[in-house]
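Before we start, here is the structure in question, set down as structure tokens.
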Amino acid sequence: MNKSEHERRRGATATEYSPREDLLRLFRRQGYQQAPVGMNLCPSLAEEFCRRYPEFKGDYLDFFAAPYRILYDPGFAWNFDEVWRIPGRDRVDWHKYYPQGFQYAVQFDGWGVAHEHNPNSHHMTQMHHPLVSAALVADLDAYPWPDFEHLDFSYLKPAVAAIHARELAVFVWAECTIWETAWYLRRMDNLFVDMSTDDPMATFLLDKITELACFRAGKFAEAGVDILGLGDDIGMQSTIMMSLSMYRKWLKPRLAKVIAAAKAIKPDILISYHSCGYVLPFIDDLIEVGVDILNPVQPECMDFAEVHAKFGTRLSFSGTLGTQKLMPFGTPEQIQAEVRRNLRIAGPQGGLFCCPTHMLEPEVPWENIEAYIGAVREFRTVC
């Protein structure tokens, strides 16, 4: 696909709705005119894009005419930048929480979690947990929590307005909302023990993170964002990560609070919830607390046809194109067939943003990316 072909396709997809309006109609299952495209490229594939299309200066979302742009939650657990603008945050001695030290170079994210960069791990890090040795609620209370009330959020409204001026939707990436941030801090096995034994530390930790998430959710809603992307991985490859009773006791009511904080300010904000893996038993609960979109519906773990048959009148979806098998190891023809299958399951009312289920990793051939884009673009002419 060269530049002129890209421009031809963009011109051919002009609709009476703007890209933003068409995407929001799709997610509200009100019908749509152009199936959207979207993806997240790993560093090596982003470099490949730059080699192929240098005139786009790395903006592959613009090149492929994605109908959204992403703003990042300053409280996102892997954020190494925004949160450090909180006054005094850069003066915390984080090393005191890691007396064992580190073998490789390390970065501290906005919550103080240490990410060690093993040179053999590409863009992944080894995570270390600052509250792993906490023994009392007092230890948690004394921790230097990020004070988001002293973070300058004035950048949000102009950033949203600039994206809207391009007739694109605004998606805020605020995943790792409660559960993941909590276990990143405490370590998963410790947090499971705390929850299983009703240790007050579990209540304090989860309540603190929820309180901070509610504050930020309100800021995003005030700024007028279209889609708030929340989420925590609560599924594994073939089963759920915790019992339904544990989920309903510890996580569901706290997620409900975060969603309510956003919708109280902007009732029409769409809530997207991310969890990798098998999450079928949780879906009714997610709908009950106000989730509008489920991501990513991993085909290695759940069948989209089954999920859609059970929940497609009450819930929309994004994802469904597997990044464990299909995108790296499938043929272009198989990818095109899967795109057509899934979009046909969703039907003309919409409800599916058909896209890869996770970041596209180095194993994905470029022709498979082109096959995905082509199949989505062509679908508009046959649906």
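The values are calculated or read from the model by the stated rules, or taken from the named source; none is laboratory data. Because the structure is predicted, anything quoted here is derived from the model rather than measured. Here Cβ is always computed from backbone atoms with ideal geometry, including for glycine, and neighbour counts include all displayed protein chains.
Failed condition for residue 272, given (1) buried (at least 18 other Cβ atoms within 10 Å of the Cβ); (2) among the small types (Gly, Ala, Ser); (3) more than 19 Å from the chain's Cα centre (by Cα), with all others met?
Failed condition: (3).
For a quick check of your reading: which strands (runs of 3 or more DSSP E) sit entirely within segment 11-122 and have at least 2 residues that are surrounded by fewer than 19 Cβ atoms within 10 Å (Cβ to Cβ), among the aliphatic types (A, V, I, L, M) and out of contact with any Gly (no Cβ under 9 Å at 6 or more places or on another chain)?
105-108
Considering every residue within segment 368-378, establish whether at least one is touching a His at 6+ places or on another chain (Cβ under 6 Å) and surrounded by 18 or more Cβ atoms within 10 Å (Cβ to Cβ).
no
Residue-wise test of (1) among the aliphatic types (A, V, I, L, M); (2) under 25 Å from the mean Cα position of the chain (by Cα); (3) at pLDDT 95 or above.
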residue	(1), (2), (3)
107	no, yes, no
110	no, yes, no
138	yes, no, yes
182	yes, yes, yes
185	yes, yes, yes
208	no, yes, yes
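Kindly check whether there is at least one residue in segment 319-333 that is more than 22 Å from residue 377 (Cβ to Cβ), touching a helix residue (DSSP H, G or I) at 6+ places or on another chain (Cβ under 7 Å) and not hydrophobic (A, V, I, L, M, F, W, C).
No, every residue in segment 319-333 fails to be more than 22 Å from residue 377 (Cβ to Cβ), touching a helix residue (DSSP H, G or I) at 6+ places or on another chain (Cβ under 7 Å) and not hydrophobic (A, V, I, L, M, F, W, C).
While we're looking at this one, here's another question. Looking at (1) free of Cβ contacts under 8 Å to residues at least 60 places away in the same chain; (2) under 20 Å from residue 176 (Cβ atoms), find the lone condition where residue 120 falls short.
Here residue 120 meets the rest and fails (2).
To continue, here is another question. With respect to residue 268, determine if the residue is over 19 Å from residue 180 (Cα atoms) and acidic (Asp, Glu).
Here the answer is yes, as residue 268 does meet what is asked.
To continue, here is another question. Residue under question is residue 160, and the condition is that it be of a type outside the set (Lys, Arg), touching a Gly at 6+ places or on another chain (Cβ under 9 Å) and crowded, with 19+ Cβ neighbours inside 10 Å; does it hold?
Judged against the criteria, residue 160 is a match.
Please pick out the residue among 178, 163 that is in contact with a Ser or Thr (Cβ under 8 Å, 6 or more places away or on another chain) and closer than 30 Å to residue 223 by Cβ.
Only one candidate qualifies: 178.
Can residue 265 be described as closer than 26 Å to residue 226 by Cβ and surrounded by 19 or more Cβ atoms within 10 Å (Cβ to Cβ)?
no
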